[in-house]
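First up is the structure itself, then whatever we jot down about it.
The values are calculated or read from the model by the stated rules, or taken from the named source; none is laboratory data. Keep in mind that this is a model prediction, so the values were computed, not measured. Cβ atoms come from the backbone with ideal geometry, glycine included; neighbour counts cover every protein chain shown. Accessible surface is based on the protein model in full, side chains and every heavy atom, while ligands, DNA and RNA are left aside. Shrake-Rupley method; radii C 1.70, N 1.55, O 1.52, S 1.80 Å.
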Amino acid sequence: SAATADLRSAVATLKETLGSMDGLPLPAAEIAITSQPLSQQIRAKLDAGDLQGAINDLTQSADQTVSRVATAIGKGLDNTKVVMVSGLVNAEGKTVAGLYDPATDTITLNQDVDLRNHVLLHESIHAVTSHEVAGNSAAAQQMRNLFESVRDRLDTAYGATNLDEFIAEAFSNP
């Protein structure tokens, strides 16, 4: 169908934008230092593969923005998996804090870096929004238009990388 062809085209464009790397990586150098470190309780849930439990814990954050974003993520997460690994790097060999792979619906977090709320929220936003962004819906088109209208004012901010990063940073690093 035409919708399937549009979706394939959007996914191909997204993959082209990201280069040869699978997933949507967040470089370790881009972690918001103002973000709170993940609690031991949340880390334990992530170690156990309990993404929904970790997000539910963030809904109780004293930071109202974190709580609000986590609540929205919790409503949008389906069966996204989370794994913790050591030595997570991007195609250039640079350390990344986490990445989301839309093909497997999996968030991979680097246990070697100082994981903070920002990282978990950022990758979870990708999980909730990447399929919508890859589509050709009215909402996806509005997001593209917004991104294109402000992109030149974002300078070197990580959110200027592409539409997916713009959305993830807008909600996880306000």
For residues in segment 30-51 being outside any loop (DSSP other than H, G, I, E, B) and open to solvent by 60 Å² or more (accessible area, probe 1.4 Å), which is farthest from VAL113 (Cα to Cα)? GLN41
Being at pLDDT 90 or above and either in contact with a Pro (Cβ under 8 Å, 6 or more places away or on another chain) or open to solvent by 30 Å² or more (accessible area, probe 1.4 Å) (or both), is that true of even one residue in segment 64-80? yes
Search segment 52-69 for residues being of a type outside the set (A, V, I, L, M) and touching a Gly at 6+ places or on another chain (Cβ under 9 Å), and hand back the single one that is nearest to ASP112 (Cα to Cα). GLN52
Checking the conditions here, which among PRO25, PRO37 is at pLDDT 55 or above, on the phi < 0 side of the Ramachandran plot and touching an Asp or Glu at 6+ places or on another chain (Cβ under 8 Å)? PRO37
Collect the residues in segment 37-57 that are of a type outside the set (A, V, I, L, M) and within 16 Å of the chain's Cα centre (by Cα), keeping them in residue-number order. GLN52
Taking the criterion of being touching a Gly at 6+ places or on another chain (Cβ under 8 Å), within 21 Å of PHE166 (Cβ to Cβ), open to solvent by less than 20 Å² (accessible area, probe 1.4 Å) and of a type in the set (A, V, I, L, M), would at least one residue in segment 111-122 satisfy it? yes
